1. Mind checking the angle between helix 60-81 and the chain's longest principal axis? C-alpha axes, 0 to 90 degrees, to the nearest 10.
2. Find how much the distance from Ala74 to Lys7 grows on full extension, using 0.36 nm per residue of separation minus their present alpha carbon separation; answer in nm with one decimal.
3. Considering the options Ile55, Ile36, Ala16, tell which one lies farthest towards the positive end of the dipole of segment 10-81, charges being +1 on Lys and Arg and -1 on Asp and Glu at the Cβ, about the Cα centre.
4. Quick check on segment 10-81: take the gyration tensor over C-alpha atoms, sort the square-rooted eigenvalues as a ≥ b ≥ c, and tell me if it's rounded (a/c under 1.5), prolate or oblate.
5. Return a whole-number percent for the relative contact order of the chain, with Cα pairs under 8 Å and 6 or more residues apart as the contact set.
6. For the chain, what is the charge dipole size about the Cα centre, in debye to the nearest 20, if Lys and Arg each add +1 at the Cβ and Asp and Glu each add -1 at the Cβ?
7. What net charge do the residues around Ile14 carry, taking every other residue with its C-beta under 13 Å from that of Ile14, with Lys and Arg at +1 and Asp and Glu at -1?
Amino acid sequence: MVEDSSKPCIFCEIVAGCSPARVLLENETCISFLDIAPASRGHALIIPKNHYRDIYDIDPNILAESMKMTKEVAELLEQKLNPEGSTLFQMNRIVG
Ligand SMILES: [Zn+2]
């Protein structure tokens with residue numbers, strides 16, 4: 001699938017503060033917020049603040065920063081929700 005750059009990116013809108021989000025954590029590089037259609041309790045997204053198309057496009061250092069925040073979010077949710085377990089996904093282009 002070719003990315004349609006004429007459509008606004010919802011994640012960039014959240015980063016810009018133009019779309020609402022329940023933010024969990026934020027730093028200079030990344031932001032984490034709750035999914036608007038959660039698949040499970042505590043369903044959170046962690047994204048870089050700069051737009052990258054997918055894992056093939058992202059700078060490895062920014063990817064590392066997003067994984068650092070992923071651990072922080074996992075620990076936050078572990079503490080707040082005490083889940084039986086957790087799952088991590090990293091999606092690229094069309095995901096079925
Ligand atoms: Zn974007």
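Read-outs throughout are calculated quantities, based only on the coordinates presented, and are distinct from any laboratory measurement. What you are looking at is a predicted structure, and each value in this text was computed from that prediction instead of being measured. Here the Cβ positions follow ideal geometry from the backbone for every residue, glycine too, while neighbour counts run over all protein chains shown.
1. 30 degrees
2. So the extension gain works out to 21.0 nm.
3. The listed residue farthest towards the positive side: Ile36.
4. Details: a/c = 1.79, a/b = 1.25, b/c = 1.44.
Cα axes put segment 10-81 in the oblate bin.
5. On the way: 86 pairs, mean separation 22.0, N = 96.
About 23 percent, as a whole number.
6. Values: 9 positive and 14 negative charges, 40 e Å.
Taking the Cα centre of the chain as origin, the dipole is about 200 debye.
7. Overall, the nearby charge balance is -1.
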